[in-house]
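Worksheet for the structure shown next.
The values are calculated or read from the model by the stated rules, or taken from the named source; none is laboratory data. All figures in this text were calculated on a predicted structure; none of them were measured in a lab. Cβ sites come from the backbone with ideal geometry, for glycine too, and all protein chains shown count toward neighbours. These accessible areas exclude ligands, DNA and RNA; they are computed on the full protein's heavy atoms, side chains included. Shrake-Rupley method; radii C 1.70, N 1.55, O 1.52, S 1.80 Å.
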Amino acid sequence: MTAPILSCREVTHYYGSQMACRNVSLDLYPGEVLGIVGESGSGKTTLLKILAGQIEPTDGTVSFAKKGGALTGLHEMSEAEIRLLARTDWAFVHQHPRDGLRMNVSAGANIGERLMAIGDRHYGNIRASAIHWLEQVEIDAERVDDLPRTFSGGMQQRLQIARNLVTSPRLVFMDEPTGGLDVSVQARLLDLIRGLVRTLGLSVLVVTHDLAVARLLSSRLIVMQGGNVVESGLTDQVLEDPQAPYSQLLVSSILQV
Amino acid sequence: MTPVLKISGASKSFCLHLQGQIEIEAFSGLDFTLHAGEAVGLSGPSGAGKSSLLKLIYGTYPAGAGKVEILHDRKWVDIAAGTPSQVMDVRRRTLGYVTQFLRVIPRVPCVDIVAEPLIERGADEKTARSRAQDLLVRLNIPEKLWTLSPLTFSGGEQQRVNIARGFATPYPILLLDEPTASLDAENRQVVLDLIAESVAAGSAMIGIFHDADDRAAVSTRQFDISRARRAA
């Protein structure tokens with residue numbers, strides 16, 4: 001069997017005296033989409049930030065396997081190494097595009113910036129990549145010189161995805177990627193994300209409170225409540241035959257259209 | 001005959017935590033063996049646990065007790081004890097599951113939905129689409145609908161799209177949950193033909209058919225789940 005690309009063991013985090021997550025262990029395998037679901041305040045986003053090296057956990061370890069390498073603990077890496085990972089092998093898609101974009105430089109520059117950060121200097125190549133990625137996320141190439149603030153919310157979110165994918169990351173963290181979007185844009189974005197996962201072989205951790213989004217995107221689910229993982233398993237198993245009382249409550253609370 | 005699926009002492013019950021911890025038993029102590037080239041029609045009254053048995057085999061329902069072993073890559077894998085990645089691998093290459101309900105992302109064209117399992121197994125897009133189109137023709141989905149999302153289709157059309165998707169790639173073991181329910185006579189015959197062809201090509205099948213004639217037409221043997229319960 002293949003080895004995990006990302007793994008954490010007994011991760012616990014406190015904000016002061018406030019527990020955010022407790023004893024979380026998980027493995028993410030290459031090419032897999034793992035959904036983390038649960039209500040607001042259940043510790044989903046904290047866990048995601050710990051896994052992405054943005055927060056150092058109070059206790060426990062997070063390990064990542066670089067291309068062709070073995071799992072290495074983030075705590076054994078220098079800050080510079082983690083920053084390099086965040087710019088190359090990893091991508092982080094924020095819920096609000098403005099947290100992941102620079103709103104006062106052009107769309108093309110937003111994409112190109114990540115390339116320049118890893119040493120690309122050829123303007124023609126950078127612009128060509130930017131246009132290629134705009135097309136990948138279904139944004140008209142003519143908008144390459146426009147500022148992101150002239151884009152709609154859905155376009156901004158797609159631009160954020162393009163900016164993240166330009167360095168060919170292997171691991172993508174997504175925090176409520178469809179959160180603030182209207183449903184028609186949401187459907188298109190879900191289709192786009194699924195296509196990119198399949199064609200690029202991405203491994204994805206996606207935090208969402210929307211079980212329908214989780215069902216369509218992820219093959220496995222983790223259910224969190226009050227900082228604890230209360231259930232994990234295949235997506236269809238967790239949603240069709242939830243075992244934990246809280247998962248049963250969550251599933252039975254889905255609104256039918 | 002070579003067995004491809006062995007269930008021994010399987011039980012399944014549901015604990016409804018939100019409704020006073022009520023325990024509802026689907027079945028217990030169930031034994032069943034499926035052989036290559038066999039087509040088994042599940043019978044028994046509504047609520048006897050037929051669909052639950054299929055979901056247990058597919059890994060959607062975790063078993064309360066017992067083993068659900070599937071011959072995958074010439075090795076036995078116990079679905080009841082398998083890791084999620086093992087179960088996913090078994091589903092990708094060994095175990096097909098077709099229901100009457102379609103669950104898809106809105107706005108994805110019908111032909112892409114049917115072609116998806118082929119692409120996931122590594123077929124190139126052109127081959128996958130042409131196989132998908134053949135199936136859609138057979139299942140009488142008009143060509144003008146192929147580029148549209150099936151969410152706008154009628155119930156029967158959605159069901160046929162789902163069947164086309166289920167039969168796009170061959171599986172050694174096929175689980176069918178009422179594939180012919182609510183289809184007209186002509187389309188029902190197409191589905192029965194597809195099943196018969198898969199079985200003739202070497203797939204083993206377990207199916208639920210409400211219609212006794214349909215069940216008799218495709219199955220080589222019947223299994224009455226209500227009589228299969230062992231005294232616990």
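Return yes when A:R114 is in contact (Cβ under 8 Å) with a residue 40 or more places away in the chain and either small (G, A, S) or surrounded by 13 or more Cβ atoms within 10 Å (Cβ to Cβ) (or both) and no when it is not.
On the way: in contact (Cβ under 8 Å) with a residue 40 or more places away in the chain: yes; either small (G, A, S) or surrounded by 13 or more Cβ atoms within 10 Å (Cβ to Cβ) (or both): yes.
Judged against the criteria, A:R114 is a match.
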Failed condition for A:K67, given (1) charged (D, E, K, R); (2) open to solvent by 30 Å² or more (accessible area, probe 1.4 Å); (3) farther than 25 Å from A:T167 by Cα: (3)
Those residues that are away from chain B (no Cβ under 14 Å) and either out of contact with any helix residue (DSSP H, G or I) (no Cβ under 9 Å at 6 or more places or on another chain) or surrounded by fewer than 21 Cβ atoms within 10 Å (Cβ to Cβ) (or both), I need them from the stretch A:172-199; list them, please. A:E176, A:G179, A:G180
Restricting attention to the stretch B:112-134, the residues that are under 21 Å from B:S198 (Cα atoms) and either touching a residue at least 60 places away in the same chain (Cβ under 8 Å) or of a type outside the set (G, A, S) (or both) number exactly 13
Where residues in the stretch A:225-250 are more than 9 Å from every other protein chain (Cβ to nearest Cβ) and under 16 Å from A:L47 (Cβ atoms), which of them is least open to solvent (accessible area, probe 1.4 Å)? A:G227
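Going by what's in this entry, would A:T167 be described as open to solvent by less than 40 Å² (accessible area, probe 1.4 Å), part of a loop (DSSP other than H, G, I, E, B) and more than 14 Å from chain B (Cβ to nearest Cβ)?
Values: open to solvent by less than 40 Å² (accessible area, probe 1.4 Å): yes; part of a loop (DSSP other than H, G, I, E, B): yes; more than 14 Å from chain B (Cβ to nearest Cβ): yes.
Yes: the conditions hold for A:T167.
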So which residues in the stretch B:70-99 are polar (S, T, N, Q) and in contact with a strand residue (DSSP E or B) (Cβ under 7 Å, 6 or more places away or on another chain), if there are any at all? B:Q86, B:T94, B:T99
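Would you mind stating whether B:G47 is touching a residue at least 40 places away in the same chain (Cβ under 8 Å) and either of a type outside the set (S, T, N, Q) or under 18 Å from B:S219 (Cβ atoms) (or both)? So that I can check it myself, show each step before the final result.
Values: touching a residue at least 40 places away in the same chain (Cβ under 8 Å): no; either of a type outside the set (S, T, N, Q) or under 18 Å from B:S219 (Cβ atoms) (or both): yes.
In short, no.
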Considering only residues of the stretch B:1-56 that are of a type in the set (D, E) and open to solvent by 40 Å² or more (accessible area, probe 1.4 Å), which is farthest from the other protein chains (Cβ to nearest Cβ)? B:D31
The stretch B:94-104: number of residues that are facing chain A (nearest Cβ under 9 Å) and closer than 22 Å to B:P142 by Cβ: 1
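For the stretch A:18-36, indicate whether the set of residues that are among the aromatic types (F, W, Y), open to solvent by 20 Å² or more (accessible area, probe 1.4 Å), over 26 Å from A:I254 (Cβ atoms) and within 17 Å of the chain's Cα centre (by Cα) is non-empty. Give the derivation first.
Restricting attention to the stretch A:18-36, the residues satisfying the condition of being among the aromatic types (F, W, Y) are A:29.
Pick out the ones that are also open to solvent by 20 Å² or more (accessible area, probe 1.4 Å) and you get A:29.
Cutting the leftovers down to over 26 Å from A:I254 (Cβ atoms) gives us A:29.
Narrowing the set further to residues that are within 17 Å of the chain's Cα centre (by Cα) leaves A:29.
So far as the stretch A:18-36 goes, yes, one or more of its residues are among the aromatic types (F, W, Y), open to solvent by 20 Å² or more (accessible area, probe 1.4 Å), over 26 Å from A:I254 (Cβ atoms) and within 17 Å of the chain's Cα centre (by Cα).
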Condition broken by B:T99, with the remaining ones in (1) farther than 30 Å from B:P150 by Cβ; (2) open to solvent by 20 Å² or more (accessible area, probe 1.4 Å); (3) of a type in the set (V, I, T) satisfied: (1)
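Conditions tested, residue by residue: (1) hydroxyl-bearing (S, T, Y); (2) in contact (Cβ under 8 Å) with a residue 40 or more places away in the chain; (3) open to solvent by less than 80 Å² (accessible area, probe 1.4 Å).
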| site | (1), (2), (3) |
| --- | --- |
| A:G100 | no, yes, yes |
| A:N125 | no, no, no |
| A:R143 | no, no, yes |
| A:D146 | no, yes, yes |
| A:F151 | no, yes, yes |
| A:Q160 | no, yes, yes |
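Could you say which residue among B:S154, B:S130, B:S149 is more than 20 Å from the chain's Cα centre (by Cα) and within 14 Å of another protein chain (Cβ to nearest Cβ)? Can you show your working first?
Numbers: B:S154 fails: within 14 Å of another protein chain (Cβ to nearest Cβ); B:S130 fails: within 14 Å of another protein chain (Cβ to nearest Cβ).
Unique residue meeting the criteria: B:S149.
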When every residue in the stretch B:59-92 that is away from chain A (no Cβ under 11 Å), among the basic types (K, R) and not in a loop (DSSP other than H, G, I, E, B) is compared, the one most open to solvent (accessible area, probe 1.4 Å) is B:K75
